[in-house]
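Colleague: Sharing a structure here in structure tokens format.
The values are calculated or read from the model by the stated rules, or taken from the named source; none is laboratory data. Source: prediction; values computed, not measured. Don't worry about glycine lacking a Cβ; one is built from the backbone with ideal geometry, like all the others, and counts go over all protein chains shown. With ligands, DNA and RNA removed, areas are computed over all heavy atoms of the protein, side chains included. Shrake-Rupley method; radii C 1.70, N 1.55, O 1.52, S 1.80 Å.
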Amino acid sequence: MKRHGLAVFGLTLAAGLGAQGLGGPPFDVPPGRWWERPVVAEELGLSPEQKAKLEQLTAERVKAMIDARAAVQKAEVELRLLAEKEPLDARKVREAFAALQQARQRLEVERFELLLAVRQTLTGEQWRKLHTVVRERLQERRERRQGRGVEPGPHRPERF
């Protein structure tokens with residue numbers, strides 16, 4: 001259950017920090033690199049060593065995550081092509097679906113491992129503060145969308 005909770009928070013963290021860019025300007029900070037945003041780093045009380053470790057973790061994991069995301073996209077295309085092909089070969093479609101599920105699982109494992117490494121870098125208090133910050137930012141985002149008459153859709157993290 002703990003692992004599941006961590007994974008759910010990880011997806012929320014990815015959606016909230018990656019997609020939104022948490023903290024606004026400066027705009028030169030790429031999405032997903034939340035520790036570089038002064039307001040976040042200050043609020044969490046990140047040390048220079050922690051920032052360096054987060055930078056190192058990202059550098060180590062980013063290529064694997066790019067490859068995993070590309071594998072999912074390729075598997076989706078392959079499944080669609082096989083499902084639309086005439087005559088339909090159900091065996092090949094099932095195999096393509098299984099390959100897609102494996103690719104998605106690999107991507108989720110990569111995301112989870114990064115999240116776990118981030119958790120190990122932060123103190124318990126920093127982790128709780130980060131969780132609170134993410135929850136507040138997502139709530140603000142929902143309220144802004146509702147204020148514009150746009151219903152919030154499902155959050156699908158595209159960035160880590």
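Colleague: Given a 1.4 angstrom probe, I'd like the percentage of the accessible area of the range 64-120 that is carbon and sulfur, rounded to a whole number.
Modeller: The C+S portion of the solvent-accessible surface of the range 64-120 is 55 percent.
Colleague: Quick check: net charge around residue 76, other residues with Cβ under 12 Å of its Cβ, Lys/Arg +1 and Asp/Glu -1?
Modeller: It works out to a net charge of +3.
Colleague: Something else: Would you mind getting the accessible area per residue of the range 38-93, heavy atoms of the protein chains only, 1.4 Å probe, in Å²? Mind dumping the intermediate values first?
Modeller: On the way: 3710 Å² over 56 residues.
On a per-residue basis, the range 38-93 sits at 66 Å².
Colleague: So, one more: Just how much of residue 97 is accessible, in Å², when a 1.4 Å probe is used and the result is rounded to the nearest 10?
Modeller: For residue 97, solvent-accessible area is about 100 Å².
Colleague: First select every other residue whose beta carbon is under 12 angstrom from the beta carbon of residue 51; then total the charges, Lys and Arg +1, Asp and Glu -1. Could you put the intermediate results ahead of the total?
Modeller: Numbers: positive: 33, 37, 53; negative: 36, 42, 49, 55.
Every neighbour counted, the sum reads -1.
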